[in-house]
Amino acid sequence: MIKETEFLENLSKVKSEIASSCLKYGRSLDEITLLPVTKNWPIDAVTFCRNSKIKSVGENRVQEALSKMDGNQSMNFELIGHLQSNKAKHVVGKFSSIQTIDSLKLMDRVNSVALLNDLIQPVLLQVNAGNDPAKFGVSIEDTEALLEHAVTLNGICVDGFMTIAPYDPQNKSVARSCFSNLRNLRDQMSERFDCRFSKLSMGMSGDMDEAIAEGSTMTVSYTHLRAHETEAD
């Protein structure tokens, strides 16, 4: 685990990169939320984020995240890892957002658990906007049907969409095309359902610039807790 001083240096660098991209593409810094990912790191990582006035962190693994929530009630945890429907009972109401809803089965399970607990669970639909066989997510073609079902449910609220771009560090246009696909899909679904769907969670350390160019409102960072910054996971 790195020291907090190094964490702050890494965080400052990531924020500077976001600011540079916003300036380049005419975006406002207020439009972009940085979501540090604390997976594989001890509870100190969440403490570092909280001390830096960061309000939300991302976690990939349910059990690991749950263990970090005790004593961190002021921090929002967002689930960015794949969720199996049989684990929904451990997730609903614990995470401020579930970003990885990608099937009717999972959506119905999350909705059922939410209704049993008398709450509404905010979610994002994970879309495989880059048509990458290595990634989870509903296809672009099937997203409308998933949304049509979502609007009939009372236990979830779809705030927007999430995608993970295909990994191709030598060709940044691959990521940008993926992000453009998601933004265009969001715009189409907003018109179709008369709903803003304001959140677009897309972009990591290696393709953050391309994501901001295409309208990302939340970008993920895996590098803020590493001793030496590398490409995104």
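The values are calculated or read from the model by the stated rules, or taken from the named source; none is laboratory data. This one's a predicted model, so the numbers in the text were calculated from it and none came from an experiment. Because the Cβ atoms are built from the backbone with ideal geometry, glycine has one as well, and the counts that use them run over all protein chains shown. Side chains included, ligands, DNA and RNA excluded: accessible areas come from the protein's heavy atoms. Shrake-Rupley method; radii C 1.70, N 1.55, O 1.52, S 1.80 Å.
Which of the residues spanning segment 155-196 are aromatic (Phe, Trp, Tyr) and open to solvent by 10 Å² or more (accessible area, probe 1.4 Å)?
Step one: filter segment 155-196 for residues aromatic (Phe, Trp, Tyr), giving 161, 167, 179, 193.
If the condition is that a residue be aromatic (Phe, Trp, Tyr) and open to solvent by 10 Å² or more (accessible area, probe 1.4 Å), then Tyr167, Phe193 are the ones that fit.
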* **One residue from Ser67, Ser52 being without any contact (Cβ under 8 Å) to a residue 60 or more places away in the chain, among the hydroxyl-bearing types (Ser, Thr, Tyr), closer than 20 Å to Ser16 by Cα and out of contact with any Pro (no Cβ under 6 Å at 6 or more places or on another chain)** => Ser52
* Matching residues in segment 29-49 - criterion: being in contact (Cβ under 8 Å) with a residue 12 or more places away in the chain, of a type outside the set (D, E, K, R) and within 22 Å of Glu17 (Cβ to Cβ) -> Ile32, Thr33, Leu34, Leu35, Pro36, Val37, Thr38, Trp41, Ala45, Phe48, Cys49
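Specify which of the listed residues (Ser205, Ser177) is in a helix (DSSP H, G or I) and of a type in the set (Ser, Thr, Tyr). Quick ask: steps written out before the conclusion?
On the way: Ser205 fails: in a helix (DSSP H, G or I).
Every option except Ser177 fails the conditions.
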* Asked: Quick check: anything in segment 159-166 at pLDDT below 95 and closer than 24 Å to Lys13 by Cβ?
  -> no
